[in-house]
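Let me begin by presenting the structure, written as structure tokens, before commenting on it.
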Amino acid sequence: MAKSTTVFSCTACGATHSRWSGRCDACGEWNTIAQDAPLSTGPSSKSLGNKRGTPITLSDLNHDEAPPPRSHSRIGELDRVLGGGLVPGSAVLVGGDPGIGKSTLLLQAAAKFAQTGLQTVYISGEEASAQIRLRAQRLGLGDAPVKLACATALRDILTTLEAEKPQLVVIDSIQTMWADTVDSAPGSVSQVRACAHELTTFAKRTGTSVILVGHVTKEGQIAGPRVVEHMVDTVLYFEGERGHQFRILRSVKNRFGPADEIGVFEMTGRGLSEVTNPSELFLAGRGTPTPGSVVFAGIEGTRPVLVEMQALVAPTPHAQPRRAVVGWDGARLAMILAVLEARCGIPFTGLDVYLNVAGGIRITEPAADLAVAAALLSAREDAALPAETVIFGEISLSGGLRPVSQTENRLKEAQKLGFTCATIPSGGKPGGTAGLKLTQMGELQMFVNDLVGADQPPKGTG
């Protein structure tokens, strides 16, 4: 007979220990180590074989054991991020800043799923039923067949769900739930891990889809132990700037679809409305060409997106020049500045550099390197680039330009929005883009010479 092992964990950081001690070795906190209570059993034996723990061959699974088809919310952007719809028995974790619109999005999604015939339960640990109903009426969803509940005790919630047998459950939020088997306060690492485990197990055992709302930390990560993101099937981040009406729903993990897909929404007085053509919306406020403004053709998931990169270069009154970035990686900006100075002889010493991605979207792919370099050069030389030109490409440390993936899709999206010229690295595969004037370059120095002029030095170099 196997000997049971007692495990202790820190309620502050989640680190596990073989025995109790007064101080956690991982985070240094005192009196935060507690014994882990046993959790419920895992998924039923049907998912493994006829007997619990007995494996079966993949080819032995018949069509009757296959999961039912995905459920569609009729919100195209949400279905896109989920990989084509909601998978029965899946666990989805949605995180975002406070007030960004997570509850609004999920209430609208719950109402849409319910209207398609899905039995839906919305459980809130933060609001009263009257408050949720008032918000639903403001969104025009007062007649939606969604069942509401306000509870935080996990045992009561699971007991009710076992009796109701819904097809979709929304938990808002996982940080407010508490399990009476864990001796710590709601929102602690142990409580969040235990509640997420119980709800995920319930989803796998019953086939009910569970959507969990998670708070985020100051660093922008979902609060609680990182193991929660490993438990669930899908992790979505709801992003956006409060000063902009745009909201981005980004998939960072998805077992049933692309892991880098985005959905674009616009916050209105009637809630969130989906944006079917985000490129046109991100470029809507772009006026006459100005120095430092460049249009970048990017790829987010499977969708081409055109955004405006804005740069400002100005003399600094301080001994240490500023480098401010919004919507892009600050470390990559430092790399581009170093390549421009070392390989192209264009210094930015004594100059403040500001870079912004218009519309509140965040760009992560290296294909934006050339567009950023173009914006910096345009702002430094006070020379506006042609308004009908898009730019993309990756810059290497040697100053070379490297081709990027899905060149044809980027160019087709630009052509669809009326752009007639494109500057791209040599070696790309433009495909069927007839009518688009392409300028292909192999070195960053060639681009600098084309913008500044090979026979004259850059401004500020003497």
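The values are calculated or read from the model by the stated rules, or taken from the named source; none is laboratory data. Keep in mind it's a predicted model, so treat the numbers as computed, not measured. All Cβ positions, even for glycine, are placed from backbone atoms using ideal geometry, and neighbour counts span all protein chains on display. Protein only, heavy atoms only, side chains kept; ligands, DNA and RNA dropped before computing areas. Shrake-Rupley method; radii C 1.70, N 1.55, O 1.52, S 1.80 Å.
Numerical summary
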read-out	value
Qualifying residue in the stretch 226-237 (condition: charged (D, E, K, R), modelled with pLDDT under 90 and open to solvent by 50 Å² or more (accessible area, probe 1.4 Å))	yes
Members of the stretch 387-417 that are over 10 Å from A297 (Cα atoms) and hydrophobic (A, V, I, L, M, F, W, C)	A387, I395, L397, L401, V404, L417
Candidate set from the stretch 280-304 (those that are closer than 21 Å to A259 by Cα and touching a strand residue (DSSP E or B) at 6+ places or on another chain (Cβ under 9 Å)); member that is surrounded by the fewest Cβ atoms within 10 Å (Cβ to Cβ)	R303
Matching residues, the stretch 176-189, being under 27 Å from the mean Cα position of the chain (by Cα) and assigned to a loop (DSSP other than H, G, I, E, B)	M177, P186, G187, S188
Test for S251: is it over 23 Å from L139 (Cα atoms), among the hydroxyl-bearing types (S, T, Y) and touching a Phe, Trp or Tyr at 6+ places or on another chain (Cβ under 9 Å)	yes
Any hit, the stretch 209-222, residues being in contact with a Pro (Cβ under 7 Å, 6 or more places away or on another chain) and either aliphatic (A, V, I, L, M) or under 27 Å from Q119 (Cα atoms) (or both)	yes
Filter pass, G84 being in the same structural domain as H197 (by the TED database) and either in a loop (DSSP other than H, G, I, E, B) or modelled with pLDDT under 85 (or both)	yes
Enumeration of residues in the stretch 305-341 that are open to solvent by 30 Å² or more (accessible area, probe 1.4 Å) and within 15 Å of L283 (Cα to Cα)	Q310
Whichever residue in the stretch 9-25 is under 29 Å from the mean Cα position of the chain (by Cα) and in a loop (DSSP other than H, G, I, E, B) and, among such residues, is modelled with the highest pLDDT	A15
Residues located in the stretch 147-175, provided they are open to solvent by 30 Å² or more (accessible area, probe 1.4 Å) and outside any loop (DSSP other than H, G, I, E, B)	K147, L148, A149, C150, R155, D156, L158, T159, T160, E162, A163, E164
Count - residues of the stretch 355-375 that are more than 22 Å from A284 (Cα to Cα) and over 22 Å from the mean Cα position of the chain (by Cα)	2
Enumeration of residues in the stretch 353-386 that are open to solvent by 10 Å² or more (accessible area, probe 1.4 Å), over 22 Å from G400 (Cα atoms) and either among the acidic types (D, E) or in a strand (DSSP E or B) (or both)	Y354, N356, D382
Residue within the stretch 132-140 that is part of a helix (DSSP H, G or I), exposed (fewer than 15 other Cβ atoms within 10 Å of the Cβ) and either at pLDDT 95 or above or not charged (D, E, K, R) (or both) present	yes
Condition broken by I424, with the remaining ones in (1) open to solvent by 30 Å² or more (accessible area, probe 1.4 Å); (2) over 30 Å from M267 (Cα atoms) satisfied	(1)
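Per-residue answers, yes or no, for (1) closer than 14 Å to S124 by Cα; (2) among the β-branched types (V, I, T); (3) in contact (Cβ under 8 Å) with a residue 40 or more places away in the chain:
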residue: G140; (1), (2), (3): no, no, yes
residue: P145; (1), (2), (3): no, no, no
residue: C150; (1), (2), (3): yes, no, no
residue: A163; (1), (2), (3): no, no, no
residue: Q167; (1), (2), (3): no, no, yes
residue: D172; (1), (2), (3): yes, no, yes
residue: Q175; (1), (2), (3): yes, no, yes
residue: W178; (1), (2), (3): yes, no, no
residue: V189; (1), (2), (3): no, yes, yes
